[in-house]
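First up is the structure itself, then whatever we jot down about it.
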Amino acid sequence: MSLVSYWAQGKPRPFAATYSVTNRCNLRCSYCNTPFLDPRDLTLPQVEVVFRRLRRMGVQRLGLAGGEPLVRKDIGDVIGMGKDMGFHVSLNSNLVLYHRMPSVMDRVDLVFTSLDGDRETHRKNRGEKSYDGVLEAITELVAKGKPLVAIAVVTEHNLDQAEGLLRQAEEMGFTIHFQPQCTDTDIVRGEIGENLTDARLREFWAGLLEQKKSGRPIASSAGYLAHQASWKNFRVSSFHDPAARCAAGRGFLYVDPQGKAYPCAYTKGKAKPINLLEEDWQTAFPGTTPCTRCNVGPMAEFNLLFAKPLSSSIAALRRIT
């Protein structure tokens with residue numbers, strides 16, 4: 001229904017939503033700005049209002065992100081509420097705090113975490129204590145049968161770490177999603193290293209595509225990897241092309257910790273927010289986005305799904321089976 005609505009340019013009917021449960025975080029990653037944004041969170045009754053609005057508009061997949069979701073003491077209640085409403089729930093956590101509340105993952109359908117390379121490299125990107133307990137948590141979650149994807153943000157520190165990460169994923173039983181370091185929006189900070197030329201980055205992504213074709217445990221789709229391998233300027237993460245359409249707002253959306261919704265996380269600070277505590281997305285969304293092309297990890301994948309639904313769905317089924 002979401003695809004039909006998108007292609008018919010009808011009423012927005014997102015099938016996926018990401019809700020950032022908090023901007024607060026126990027880490028200070030070099031490329032993430034969320035810990036420096038508004039620290040206020042919604043109360044559980046307010047979260048319920050947002051979830052019910054999402055459900056009514058047809059959202060099926062609910063991604064819980066941050067900041068770091070596990071800094072919320074009531075995160076188990078948030079997860080439980082999502083599951084009780086029938087959402088497929090994923091949780092994106094750095095897992096440093098996992099040992100304090102391992103049972104909160106029991107009802108999560110899919111876990112995303114962060115792994116940028118070996119201990120030294122990971123710490124360069126994400127901070128001094130960012131590696132502590134992460135591998136142990138991954139081992140425990142995989143042993144419980146929990147599907148787990150580790151996200152590696154590609155920076156100047158880990159361009160040579162892909163092979164080590166893939167071997168680790170093969171040995172431990174998880175998959176890796178690679179995404180470029182992005183710029184120019186409220187939720188990110190920092191700049192791409194001077195040594196990371198566009199040619200060097202395109203070569204890196206083309207290499208990952210070949211690894212994907214050979215069966216390595218890369219969660220990123222082949223279409224997404226090809227998209228990254230052809231990106232011209234990695235210092236420009238998005239731009240508006242009047243000849244292109246973006247599925248943000250129609251196929252998926254983002255809700256920040258104060259309940260303000262945007263077409264996607266990357267448009268925070270660029271698009272006018274819609275307060276889901278007071279307004280309905282389907283009637284308030286203007287139907288336009290500030291950008292129409294991007295190389296931003298999850299958004300690029302979602303857009304491929306809407307631009308090429310048949311081939312993207314077949315590729316997804318192959319990954320599952």
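The values are calculated or read from the model by the stated rules, or taken from the named source; none is laboratory data. This structure is a prediction, so every number in the text was calculated from the model and none was measured. Reconstructed Cβ throughout: ideal geometry from the backbone, glycine too, with neighbour counts over all protein chains shown.
Taking region 14-28 as the search range and keeping residues that are out of contact with any Lys or Arg (no Cβ under 7 Å at 6 or more places or on another chain) and not hydroxyl-bearing (Ser, Thr, Tyr), which one is surrounded by the most Cβ atoms within 10 Å (Cβ to Cβ)? Break it down stepwise before answering.
Filtering region 14-28 down to residues out of contact with any Lys or Arg (no Cβ under 7 Å at 6 or more places or on another chain) leaves 17-20, 23-26, 28.
Narrowing further to those that are not hydroxyl-bearing (Ser, Thr, Tyr): 17, 23-26, 28.
On the way: Ala17: 25, Asn23: 22, Arg24: 19, Cys25: 21, Asn26: 16, Arg28: 14.
Of everything passing the filter in region 14-28, Ala17 is surrounded by the most Cβ atoms within 10 Å (Cβ to Cβ).
With (1) surrounded by fewer than 16 Cβ atoms within 10 Å (Cβ to Cβ); (2) aromatic (Phe, Trp, Tyr); (3) free of Cβ contacts under 8 Å to residues at least 40 places away in the same chain as the list, and Phe51 as the residue in question, which single condition is left unmet?
Failing condition for Phe51: (1).
Kindly establish whether Ala137 is of a type in the set (A, V, I, L, M), within 21 Å of Ser220 (Cβ to Cβ) and surrounded by 14 or more Cβ atoms within 10 Å (Cβ to Cβ).
Details: of a type in the set (A, V, I, L, M): yes; within 21 Å of Ser220 (Cβ to Cβ): no; surrounded by 14 or more Cβ atoms within 10 Å (Cβ to Cβ): yes.
No: the conditions fail for Ala137.
At least 3 residues that are under 30 Å from Glu170 (Cβ atoms) and of a type in the set (D, E, K, R) in each: list the helices (runs of 4 or more DSSP H) lying fully within region 36-140 that qualify.
Working: elements: 44-56, 75-84, 119-126.
Passing ranges, in order: 119-126.
Right, Thr43: among the polar types (S, T, N, Q), at pLDDT 95 or above and surrounded by 21 or more Cβ atoms within 10 Å (Cβ to Cβ) or not?
Numbers: among the polar types (S, T, N, Q): yes; at pLDDT 95 or above: yes; surrounded by 21 or more Cβ atoms within 10 Å (Cβ to Cβ): no.
Taking the combined requirement at face value, the residue does not satisfy it.
Give me the residue from region 141-150 that is in contact with a strand residue (DSSP E or B) (Cβ under 7 Å, 6 or more places away or on another chain) and part of a loop (DSSP other than H, G, I, E, B) and, out of that set, nearest to Leu225 (Cα to Cα). Break it down into steps so the answer makes sense when it comes.
Of all residues in region 141-150, those in contact with a strand residue (DSSP E or B) (Cβ under 7 Å, 6 or more places away or on another chain) come to 141-142, 146-150.
Add one more test, that the residue is part of a loop (DSSP other than H, G, I, E, B), and what stays is 146-147.
Details: Lys146: 25, Pro147: 21 Å.
Within region 141-150, the match that is nearest to Leu225 (Cα to Cα) is Pro147.
In region 268-298, how many are closer than 20 Å to Pro69 by Cβ and not in a loop (DSSP other than H, G, I, E, B)?
3
Here is a list of conditions, (1) in contact with a Phe, Trp or Tyr (Cβ under 9 Å, 6 or more places away or on another chain); (2) in contact (Cβ under 8 Å) with a residue 24 or more places away in the chain, and Ala271 meets all of them except one; can you say which number that is?
The single condition Ala271 does not satisfy is (2).
Restricting the search to region 236-246, which residues are among the small types (Gly, Ala, Ser) and closer than 21 Å to Val188 by Cβ? Walk me through it before giving the result.
Quick first cut of region 236-246, residues among the small types (Gly, Ala, Ser) only: 237-238, 243-244.
Selection gives Ser237, Ser238.
Among the candidates Ser93, Ser103, Ser114, which residue alone is surrounded by fewer than 22 Cβ atoms within 10 Å (Cβ to Cβ) and among the small types (Gly, Ala, Ser)? Break it down stepwise before answering.
Working: Ser93 fails: surrounded by fewer than 22 Cβ atoms within 10 Å (Cβ to Cβ); Ser114 fails: surrounded by fewer than 22 Cβ atoms within 10 Å (Cβ to Cβ).
Ser103 is the lone residue from the list that is surrounded by fewer than 22 Cβ atoms within 10 Å (Cβ to Cβ) and among the small types (Gly, Ala, Ser).
Which residues, taken from region 214-228, are crowded, with 18+ Cβ neighbours inside 10 Å and among the aliphatic types (A, V, I, L, M)?
Ile218, Ala219, Ala222, Leu225 - these are the residues of region 214-228 that are crowded, with 18+ Cβ neighbours inside 10 Å and among the aliphatic types (A, V, I, L, M).
Name the residues in region 157-177 that are touching a residue at least 24 places away in the same chain (Cβ under 8 Å) and either surrounded by fewer than 16 Cβ atoms within 10 Å (Cβ to Cβ) or aliphatic (A, V, I, L, M) (or both), would you?
Kept after step one, since they are touching a residue at least 24 places away in the same chain (Cβ under 8 Å), are these residues of region 157-177: 157-159, 161-162, 164-166, 168-170, 172-177.
Matches in region 157-177: Leu159, Ala162, Gly164, Leu165, Leu166, Ala169, Glu170, Met172, Gly173, Ile176.
What number of residues within region 128-153 are modelled with pLDDT under 95 and either polar (S, T, N, Q) or over 20 Å from Asn26 (Cβ atoms) (or both)?
1
Would you mind stating whether Gly63 is of a type outside the set (S, T, N, Q), in contact with an Asp or Glu (Cβ under 9 Å, 6 or more places away or on another chain), touching a residue at least 12 places away in the same chain (Cβ under 8 Å) and closer than 24 Å to Val188 by Cβ?
Working: of a type outside the set (S, T, N, Q): yes; in contact with an Asp or Glu (Cβ under 9 Å, 6 or more places away or on another chain): no; touching a residue at least 12 places away in the same chain (Cβ under 8 Å): yes; closer than 24 Å to Val188 by Cβ: yes.
In short, no.
Could you tell me whether any residue of region 178-188 is surrounded by fewer than 16 Cβ atoms within 10 Å (Cβ to Cβ) and modelled with pLDDT under 95?
First pass over region 178-188, keeping only residues surrounded by fewer than 16 Cβ atoms within 10 Å (Cβ to Cβ): 184.
Still in the list and also modelled with pLDDT under 95: 184.
Yes, that holds for at least one residue.
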